[in-house]
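**Q** I have a structure I would like to understand better, so I am pasting it below and will then ask my questions one at a time.
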2 protein chains.
Amino acid sequence: MDDLDRAILRCLLADGRATFHEIGRRVRLSPPAVKRRVDRMLARGEISHFTAVIDPGSLGWEVEAYVEIYYDGNVLKDELATSLAGIPQVVGVWNVSGDADALVHVMAGSIAELEDTIEQIRRTDRLQRTRSAIVLSRLFERSLG
Amino acid sequence: MDDLDRAILRCLLADGRATFHEIGRRVRLSPPAVKRRVDRMLARGEISHFTAVIDPGSLGWEVEAYVEIYYDGNVLKDELATSLAGIPQVVGVWNVSGDADALVHVMAGSIAELEDTIEQIRRTDRLQRTRSAIVLSRLFERSLG
DNA sequence: GATGAAAGTACGCGCAG
DNA sequence: CTGCGCGTACTTTCATC
């Protein structure tokens, strides 16, 4: 991972479908050289994969919330992951240090659906309480370059 | 946005560099038909753009935290966004309802850098206090399909 | 379907260890 | 002298009309 790789990465973060030709033009490298470096970054896991960034709103995901969960005693990571992965509205879960034990990212179509989802989260085994923050607006979001 | 569009979207979420041929093979559509639909989704803003998903760890971003911020009185969205956008470690900011006023997503190379970053966030105008949750592990993260 | 562009592959060269 | 990484040339596949 040198400066050239980082420059290629910046191009791919900005446009994940950029051609090797176009990237090569920007970083002054031939298309095959760019491909080799991209393949290497993929093999090393530096690039996980490529994806489309979608607008949640235009897909009907109007409500977003971050829900802290507090549990009673010890809960295994796998246990928690498995039970929460079964809820489609749960799009991310992180174990955290601090007051709460875990942070859950929820996307829902409506406030009612959010309520249902939190209700479902609360049914998780040994879950003590939750503390929610509903997203009012995204101020900004950027990819790490 | 019909089922066919959603099927195409699923392909692009799984592989943002998939060719129109490959997508067409999966959804039983000709490559030009796929392209027209993708272009339409881009034009409508349903697909925002394409990008590479990178592994934060292999790029040196070893520490991740969510920082709630509480401010004193009213703070304008633009004001907050502008001042926090100046901190490179701040990768996302959302205004939220609940106890806190905003939620800040922070990525840092080390605990020391995280400390510095929180210190910087605290220097934001009219900021009263912060409450941090350091991410211990990602249990899972998925894209909304 | 046809054409032009990009991806993928093979081979040889130059440079650093 | 070996390994790595680039570029050129060529074939296959894809995009676009």
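The values are calculated or read from the model by the stated rules, or taken from the named source; none is laboratory data. Treat the numbers as computed from the prediction; the structure is a model and nothing was measured. For neighbour counting, all protein chains shown are included, and Cβ atoms are generated from backbone atoms with ideal geometry for every residue, glycine included. Side chains included, ligands, DNA and RNA excluded: accessible areas come from the protein's heavy atoms. Shrake-Rupley method; radii C 1.70, N 1.55, O 1.52, S 1.80 Å.
**Q** In cubic angstrom, how much convex hull volume per residue do the alpha carbon atoms of the range A:56-134 span? Please report the intermediate quantities before stating the final value.
**A** Numbers: hull volume 6.3 nm³, N = 79.
Residue-normalised Cα hull volume stands at 80 Å³.
**Q** So what is the accessible area of the protein assembly as shown per residue, in Å², with the probe set to 1.4 Å? Working shown, then result.
**A** Numbers: 14350 Å² over 290 residues.
Heavy-atom accessible area per residue stands at 49 Å².
**Q** Placing the label point 7 Å from Cα along the Cα-to-Cβ direction, what are the distances from B:Leu136 to the equivalent spots in the other copies, shortest first, in nm to one decimal?
**A** Output for B:Leu136: 3.2 nm, nearest copy listed first.
**Q** Averaged across B:95-104, how many Cβ atoms of other chains sit within 10 Å of each residue's Cβ atom? Working shown, then result.
**A** Working: counts 7, 9, 6, 10, 4, 3, 2, 5, 5, 1.
For this peptide, the per-residue mean of nearby foreign Cβ atoms is 5.
**Q** Can you tell me how the range A:3-44 classifies by the Cα gyration tensor, rounded, prolate or oblate, using a/c under 1.5 as the rounded cut?
**A** On the way: a/c = 1.38, a/b = 1.14, b/c = 1.21.
Verdict is rounded for the range A:3-44.
**Q** State the Kirkwood hydrodynamic radius of the protein assembly as shown in Å, one decimal place, computed from all pairs of distinct Cα atoms.
**A** Values: mean 1/r = 0.0484 Å⁻¹.
Evaluated on the protein assembly as shown, it is 20.7 Å.
**Q** Please give me the summed charge of the neighbours of B:Leu29: other residues whose Cβ is under 14 Å from its Cβ, Lys and Arg +1, Asp and Glu -1. Walk me through the intermediate numbers first.
**A** Working: positive: B:Arg6, B:Arg10, B:Arg25, B:Arg26, B:Arg28, B:Lys35, B:Arg36, B:Arg37, B:Arg40; negative: B:Asp2, B:Asp3, B:Asp5, B:Glu22, B:Asp39.
Overall, the nearby charge balance is +4.
**Q** In straight Cα distance, which lysines are under 25 Å from B:Lys35, not counting same-chain residues fewer than 8 positions off?
**A** A:Lys35
**Q** So what's the convex hull volume per residue for the Cα atoms of chain A, in Å³? Display every interim value, and only then the final one.
**A** Working: hull volume 21.8 nm³, N = 145.
In chain A, the Cα hull volume divided by residue count equals 150 Å³.
**Q** Using a probe radius of 1.4 Å on protein heavy atoms only, what is the accessible area buried between chains A and B, both sides summed, to the nearest 100 Å²?
**A** Its buried surface, counting both partners, is about 5600 Å².
**Q** Still on this structure, please answer the following. Taking +1 at the Cβ of each Lys and Arg and -1 at the Cβ of each Asp and Glu, which of A:Val135, B:Val106, B:Gly24 sits farthest along the dipole of the protein assembly as shown towards its positive end, judged by Cα position relative to the Cα centre?
**A** The Cα lying farthest towards the positive end belongs to B:Gly24.
**Q** About its Cα centre, how strong a charge dipole does the range B:56-134 have in debye, to the nearest 20, once Lys and Arg get +1 and Asp and Glu get -1 at the Cβ? All intermediate terms of the calculation are to be shown ahead of the outcome.
**A** On the way: 6 positive and 13 negative charges, 26 e Å.
Here the size comes out at about 120 debye.
**Q** State the percentage of accessible surface on chain B attributable to carbon and sulfur atoms; use a 1.4 Å probe and exclude ligands, DNA and RNA.
**A** Values: 3540 of 7180 Å².
That share works out to 49 percent.
**Q** Using helices alone, what [θ] at 222 nm do you get for the protein assembly as shown, with -39,500 (n - 2.57) per DSSP H run of 4 or more residues, divided over all residues and rounded to the nearest 500?
**A** For the protein assembly as shown, the value works out to -11500 deg cm²/dmol.
**Q** Among B:Ala43, B:Thr82, B:Ala33, whose Cα sits farthest toward the positive end of the charge dipole of chain B (+1 at Cβ of Lys/Arg, -1 at Cβ of Asp/Glu, about the Cα centre)?
**A** B:Ala33
**Q** To the nearest 20 debye, what charge dipole does the protein assembly as shown have about its Cα centre, counting +1 at the Cβ of each Lys and Arg and -1 at the Cβ of each Asp and Glu?
**A** Working: 38 positive and 44 negative charges, 315 e Å.
Dipole about the Cα centre, nearest 20: 1520 debye.
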